């Protein structure tokens with residue numbers, strides 16, 4: 001079995017507040033293969049790693065970086081450049097674009113610190129990924145599937161279960177479905193079209209073990225990367241022993 005990529009969701013967010021330096025450092029310490037985080041832009045044009053649209057009832061894009069840091073309680077929100085400087089040469093990155101309009105700025109910063117093979121760009125947003133792939137064809141892009149509250153539920157779910165047209169249109173290299181979507185032949189269709197699959201966000205031990213054994217899956221995003229790494233090692237060790245016993 002080839003190694004499944006273990007991606008630390010917002011860092012090792014089971015142990016530290018997600019999208020913070022502490023969570024990123026912990027993910028590196030635990031040995032995760034890749035670090036996932038979200039990027040948004042502040043009112044004063046700063047790119048930060050933060051998941052939600054707002055903080056304390058105010059939109060991120062209506063606040064300066066200083067105001068956002070004053071409103072955050074018990075954790076500090078880092079800038080994208082601070083994170084890139086921290087993790088450079090230590091771990092591969094999954095950089096999720098939460099909004100349109102700053103794709104070029106994110107890529108400029110990423111390529112200032114990293115080589116193409118050291119990061120991927122992911123998003124729920126087809127337009128963002130299409131723009132990135134069109135202008136930076138050597139960048140690996142991943143289409144995230146499983147919107148939490150889509151405006152048109154039926155249409156959205158169909159486009160997520162059958163995403164190949166979207167993939168072809170935007171040039172996506174990787175499909176990143178929520179674990180609930182990997183049914184009804186999803187994985188077979190992905191492999192038929194030579195698309196890698198990374199599943200999000202899986203924290204339950206039995207499900208992690210099951211997905212790690214599934215050869216149609218290439219990676220797993222989790223808040224608990226050390227658990228996933230331990231299970232991956234146990235599975236590989238068991239398979240190695242099994243092969244050694246065969247006549």
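Please treat every number below as a calculation from the coordinates, not as lab data. Keep in mind that what you see is a predicted model, and the values were worked out from it rather than measured. Neighbour counts run over all protein chains shown; Cβ positions are idealised from the backbone, glycine included.
List of remarks:
- Of every Cα-Cα pair in region 51-144, the percent that sits beyond 22 Å: 35 percent
- Here the chain carries DSSP beta bridges of which approximately 15% are antiparallel, counting only pairs with both residues inside.
- Extending 7 Å from Cα along the Cβ direction at residue 169 and again at residue 205 yields two label points whose distance is 4.4 nm.
- For the chain, the Kirkwood estimate of hydrodynamic radius, built from reciprocal distances between every pair of different alpha carbons, is 18.8 Å.
- For region 76-141 versus region 47-61, the gap between their alpha-carbon centres in whole angstrom: 18 Å
- Diffusion of region 132-247 by Stokes-Einstein, at 37 °C in a medium of 0.692 mPa s and with Rh set to the Kirkwood radius over alpha-carbon pairs, works out to 209 µm²/s.
- Once the Cα gyration tensor of region 90-143 is diagonalised, semi-axes √(5λ) in Å: 16, 11, 10
- Over region 114-160, the Kirkwood radius and the radius of gyration, each from Cα atoms, give a ratio Rg/Rh of 1.08.
- Spin-label model distance (nm) - residue 151 vs residue 236, 7 Å beyond Cα toward Cβ: 4.5 nm
- The calculated FRET efficiency for the pair residue 138 and residue 105, based on their C-beta separation and a Förster distance of 22 Å, comes to about 0.75.
- Applying Stokes-Einstein at 4 °C and 1.567 mPa s to the Kirkwood radius of region 77-195, computed over alpha-carbon pairs, gives a translational diffusion coefficient of 85 µm² s⁻¹.
- Against the chain, whose longest principal axis is taken from its Cα atoms, helix 103-113 shows a tilt of about 70°.
- Using distinct alpha-carbon pairs, which all enter the 1/r mean, Kirkwood radius of region 37-93 in Å: 11.7 Å
- Multiplying the residue separation of residue 112 and residue 213 by 0.36 nm and removing their Cα-Cα distance gives an extension gain of 32.7 nm.
- Angle in degrees between helix 126-135 and the longest Cα principal axis of the chain, rounded to the nearest 10: 90 degrees
- Take every Cα pair under 8 Å whose residues are at least 6 apart in sequence, average their separation, divide by the length of region 5-245, and the relative contact order is 18 percent.
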